[in-house]
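Following: one structure in structure tokens, then a few remarks.
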Amino acid sequence: MKRIVILISGRGSNMQAIVQRCAEQRWPARVAAVIANRPDAKGLEFARQNDIATAVVDHRTQASREAFDAALAQAIDGFAPDLVVLAGFMRILGAAFVQRYEGRLLNIHPSLLPAFPGLHTHRRALAAGCKLVGATVHFVTPELDHGPIVMQSAVPVLPGDDEEALAERMLATEHVIYPQAVRWFVEGRLVVEAGVVRQLDGASQVLM
């Protein structure tokens, strides 16, 4: 039984989707803990209501980014995870932290990487006149919003779209591809070859 630790900063809607799919689809895994960097993160209450252990490592109480990374790693390791999942975790993690969990650290980013890494992705996509946008699940590497791509979803940009409308439509696809990617990982159905992720069953890694 694989153990998953999920990191959040807010409501953790992707975390909730993963918890629900894990139970409904009976993955060979369980969410061992949800850890937040903010004590007021709303997703913590969802975790508690579902009998999932919680912890808070408040970045504001740490003397430096390195100190925060060390405290966070200590909290994570206390749950002995096979996989660490970033689900709306709004902190940049240092290279040493990322390397500690190399090959077992996943993130989702609201763009079709490598396009638009960083913040304000929807605003930047609209300003660029993109006709198609999407989300990307990827293994985390020290370079921000890069790393081997596990799965992507694509949604059209519709006439009259603003940031909010685009984000809402994209989030619905995130709730599909992130649980799917996590399930593939815990079932041992992913392999990374020369920086490219392959799904061993030949299942599509794109949601249109």
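No value in this document is a laboratory result; all are computed from the given coordinates. What you see is a predicted model; the values in this text were computed from it and never measured. Cβ placement follows ideal geometry from the backbone for every residue including glycine, while neighbour counts extend to all protein chains displayed.
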Filtered residues of the range 24-54 (kept if without any contact (Cβ under 8 Å) to a residue 12 or more places away in the chain and in a helix (DSSP H, G or I)): Glu24, Glu45, Arg48, Gln49
Subset tally (residues that are buried (at least 18 other Cβ atoms within 10 Å of the Cβ), under 16 Å from the mean Cα position of the chain (by Cα), under 13 Å from Arg183 (Cα atoms) and not charged (D, E, K, R)) for the range 16-59: 5
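Among the residues of the range 78-111, write down those that are of a type in the set (A, V, I, L, M, F, W, C), assigned to a loop (DSSP other than H, G, I, E, B) and crowded, with 21+ Cβ neighbours inside 10 Å.
Initial filter on the range 78-111 (of a type in the set (A, V, I, L, M, F, W, C)): 79-80, 83-87, 89-90, 92-93, 95-98, 105-106, 108.
When the remaining residues are screened for being assigned to a loop (DSSP other than H, G, I, E, B), the result is 79-80, 87, 89-90, 92-93.
Listed by number, the residues that qualify are Ala87, Phe89, Leu93.
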Val197 surrounded by 15 or more Cβ atoms within 10 Å (Cβ to Cβ) and either free of Cβ contacts under 8 Å to residues at least 12 places away in the same chain or farther than 23 Å from Ser13 by Cβ (or both): yes
